[in-house]
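One structure below.
The values are calculated or read from the model by the stated rules, or taken from the named source; none is laboratory data. Just so you know, these numbers come straight off a predicted model, no measurement behind them. Counting neighbours? That spans all protein chains shown, and the Cβs are built from the backbone with ideal geometry, glycine included. Quick note on the areas: whole protein, heavy atoms, side chains included, nothing else; ligands and nucleic acids left out. Shrake-Rupley method; radii C 1.70, N 1.55, O 1.52, S 1.80 Å.
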There are 4 protein chains.
Amino acid sequence: MCRWIAYRGETTAFEHYVTEPEHSLVTQSIRALESTAGTNGDGFGLGWYGDHPEPGLYRETRPAWSDENLRYLCRHLHSHLFFAHVRAATGTAVTRQNCHPFACGRWLFMHNGFVGSWNRLRRKVEAMIPDALYPSRLGTTDSEAVFLAIVGAGIDQDPIGATRKVLGSLCQLVNQDGLREHLRFTSALSNGHDLYAFRFAANDRANSLYYREDGDQVIAVSEPYDREPDWIEVPPDHVLVARASCAAEIVPLFAAGTAGL
Amino acid sequence: MCRWIAYRGETTAFEHYVTEPEHSLVTQSIRALESTAGTNGDGFGLGWYGDHPEPGLYRETRPAWSDENLRYLCRHLHSHLFFAHVRAATGTAVTRQNCHPFACGRWLFMHNGFVGSWNRLRRKVEAMIPDALYPSRLGTTDSEAVFLAIVGAGIDQDPIGATRKVLGSLCQLVNQDGLREHLRFTSALSNGHDLYAFRFAANDRANSLYYREDGDQVIAVSEPYDREPDWIEVPPDHVLVARASCAAEIVPLFAAGTAGL
Amino acid sequence: MCRWIAYRGETTAFEHYVTEPEHSLVTQSIRALESTAGTNGDGFGLGWYGDHPEPGLYRETRPAWSDENLRYLCRHLHSHLFFAHVRAATGTAVTRQNCHPFACGRWLFMHNGFVGSWNRLRRKVEAMIPDALYPSRLGTTDSEAVFLAIVGAGIDQDPIGATRKVLGSLCQLVNQDGLREHLRFTSALSNGHDLYAFRFAANDRANSLYYREDGDQVIAVSEPYDREPDWIEVPPDHVLVARASCAAEIVPLFAAGTAGL
Amino acid sequence: MCRWIAYRGETTAFEHYVTEPEHSLVTQSIRALESTAGTNGDGFGLGWYGDHPEPGLYRETRPAWSDENLRYLCRHLHSHLFFAHVRAATGTAVTRQNCHPFACGRWLFMHNGFVGSWNRLRRKVEAMIPDALYPSRLGTTDSEAVFLAIVGAGIDQDPIGATRKVLGSLCQLVNQDGLREHLRFTSALSNGHDLYAFRFAANDRANSLYYREDGDQVIAVSEPYDREPDWIEVPPDHVLVARASCAAEIVPLFAAGTAGL
């Protein structure tokens, strides 16, 4: 399991959201509260949008709590839309390429969850990545494979639809042969303008997801980084949609019964 | 490109072969002579056989020349059969999982070479790995994929035959659609008893391979680590076979014309 | 704070003591029980004695729990006397040179504890290292500085006396100007034959120390790695002495009142 | 030896100067031309000034040529004054804390050079660091020690005077007992407004230093990153001074005979 934060709003230094809060993501890297993994020390990452057409990435294998570079970068990097993630590995190696966020073209993705029996299902999930995107498969995680499958399913035209399509296929996979493997998918997705955050699970309890909205600012998190009362829980099987210059909306991920569950 | 050394003989500390010689592998990591890459600073690895049924591995992403651990381990590890490798990446990431040697069951493998247009051919080469071995695919290199394909092609029954079979398939792949991609394969393979070293290329010049034999000791190298005159060049398209307690032999890899070239 | 284990006995693979037990050191790296730091993820190290006159070292900055090399090495390295340590940094950087154990000539040292207000006292502690040993100051921790001071205080002639002398000086330092800084020193020391384990504190509670004896085997630990009832607590201000081929003894570190407290 | 670049001018993305040029610093990390060390693969660093009162730092131990983060950061970080450095270690460990640039308050420093017989002279050079600055001694290099000595010698009042004072003391040290140790000091220093670049040596040949000026832009480098004819060599024993909004000047470091040589 992992912990993450996604920010959309006024351009700001990351530190106010990633390192400074009382129960910041860096604090969560050593002691998370709402996670099955208390320690999220298997690497971390930052992803953000700036002037360049492609997002920036900083990913490291050491724990977030001891990385001096992270503190400097969170102080000096500014963005109107950024992701930060601390990782608790679920079986795949601790490499930078397995750290979140993942980038593909304009898109950033990060994830807290897993595909059950990954060793058995991996090949089938990887087969969902189109040939043209397979060179972007830099690591070995379930998360990256699912992301590239989503990109390939038409993310530019309809990001929620593409995600829905891939989750539908994943549900079929985990339920094949009556095995009912677990699937958890609490993730964030962005093209630099719009921010989407998904909370979904099949055959399992969905990982936590909260958000806070203040004017144009929308912040989605695995767990609140402070004790203020304005955090709103996103219900399971729902998506937080925060399109550029629009207020946040919570929409159901699937119409009743369509996930193939 | 990479540099490597494979040792079979009396049980010995690695340092006499890996760190101490005038032009040792560690020296070659910063300045190789017979390689297109003068610097082999993209990680390194040791693999060896001891009392345990499975071989040991030590793989690191930092350059061999600055790793203090490597010096201690080469002084303290002893084996009758060990591999050491310094890496010059050819497009895939610098992670431990992409460093050589690779281990699968009793088998160790390391490689100097590449499959041309890896991004395009990767999927087809990965498809050569049987399902049962796919969980052993820990990294993203061409070398590891080719190794697992060889394991899957019947390595336990006939290691040279399995290698020949996979190289035959690779030759078909690189020649598909008349593209004649380059393929270089200078590699070492062992089960802890027998040592095999291959020198092969298709549509390209084969990377260098030498060996030296002294009593029961057989040492295969990418390039000699000293100026003694007893290094023997293995000809292209040949295999060095050093079976347990047997003298080394050089045998042709393919009967004339059978590689599918 | 940190967790460690020191083994003296029959030559054995490390894995039976470092990675396999129910509450092994690797488990303690992610969740220690008797420590102020539950997570000991700031690097780790192994030190051991073999045929070579100088001990071997393997130190890494990543957490012990995710290091593949550690598992291989604990399986393949054998010794009659070895140290293993997982680190929770107390202010100094996460570098290999700051990971324990530390080696100097034949001697190995590892530590769980700290010198209070290290930034203020560091220079004075470093001044206790003789010039001839200052090139061995590779890192910046209090632990390494204290070790080199002990080496310089006559470790070869009288290791307990040298440690006593240095602890006496440290007690004077931490009590200077009536400041009563904290000092904790729970450490292991060996020359490859004899094993010493110290439990001491000034102005503070001493960190835990246990040992178990079984025939020629003596194992000292920060906290027990299993629930067997034969672990014996070493009292504060005492030393466990396990000289080569001798039974373990517990002796007072200071005669009453002589620590300069 | 090392290679570095210092930029002062219009706010720009680093990539145009650090990663894109034909013979960029990243290219120099694997193959420098005017250096005794052809490979500068022992870590690297970036230092820069932004809105925050203190400069930013990104330092890594892996070679610059294989760091994906470096490419992203050079594309996304912007500054009017930044430093970049690739390291070839001269005896001290490869840790982030030993990578350049070094920061202290508003000041950044990076260095290509060494203090001869560092193991013997280290203590005397460290003694030149005032107590108040000793907590900023995070690594073990000669470069960092010399920088902190310069900061302590009155850098805020007179940076050139402070450097001159410390170089004078170093000259006395290396010449003590008639030993005439080598000293090379080709370095860059900045407070975020003014840029200074020094070229100096005692008992040795000074390392190369060039600069280019174009309007408000001043770029100082170890060796030119392109073949344009407008690079000007800074003579040995001279300083390049580029004060905020002023044209660059070359001034002698010492009046004849005053270095204590």
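Computed values, structure above
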| read-out | value |
| --- | --- |
| Any hit, segment C:214-232, residues being out of contact with any Phe, Trp or Tyr (no Cβ under 6 Å at 6 or more places or on another chain) and over 22 Å from residue C:84 (Cα atoms) | yes |
| Qualifying residue in segment A:128-144 (condition: open to solvent by 40 Å² or more (accessible area, probe 1.4 Å), outside any helix (DSSP H, G or I) and aliphatic (A, V, I, L, M)) | yes |
| Number of positions in segment C:145-190 that are closer than 21 Å to residue C:242 by Cβ and out of contact with any helix residue (DSSP H, G or I) (no Cβ under 7 Å at 6 or more places or on another chain) | 13 |
| Strands (runs of 3 or more DSSP E) wholly inside segment A:215-257 containing at least 2 residues that are over 18 Å from residue A:4 (Cα atoms) | A:249-252 |
| Residue in segment C:124-140 that is within 14 Å of chain B (Cβ to nearest Cβ) and either among the hydrophobic types (A, V, I, L, M, F, W, C) or closer than 20 Å to residue C:220 by Cβ (or both) present | yes |
| Meets criteria (surrounded by fewer than 21 Cβ atoms within 10 Å (Cβ to Cβ) and modelled with pLDDT under 95) for residue A:31 | yes |
| Members of segment C:145-165 found to be open to solvent by less than 10 Å² (accessible area, probe 1.4 Å) and in a helix (DSSP H, G or I), listed by number | C:145, C:146, C:147, C:148, C:149, C:150, C:162, C:163 |
| Residues of segment D:184-199 that turn out to be open to solvent by less than 10 Å² (accessible area, probe 1.4 Å) and assigned to a strand (DSSP E or B), as a count | 10 |
| Selection status of residue C:62, open to solvent by 20 Å² or more (accessible area, probe 1.4 Å), touching a residue at least 12 places away in the same chain (Cβ under 8 Å) and not small (Gly, Ala, Ser) | yes |
| Test: residue in segment B:166-183 that is outside any loop (DSSP other than H, G, I, E, B), on the phi < 0 side of the Ramachandran plot, open to solvent by 40 Å² or more (accessible area, probe 1.4 Å) and in contact (Cβ under 8 Å) with a residue 40 or more places away in the chain | yes |
| Wholly within segment C:1-119, helices (runs of 4 or more DSSP H) carrying at least 2 residues that are within 14 Å of chain B (Cβ to nearest Cβ) and farther than 30 Å from residue D:131 by Cα | C:15-18, C:68-76 |
| Set B:125, B:151, B:146: member being within 17 Å of the chain's Cα centre (by Cα), of a type in the set (A, V, I, L, M) and under 17 Å from residue B:91 (Cβ atoms) | B:146 |
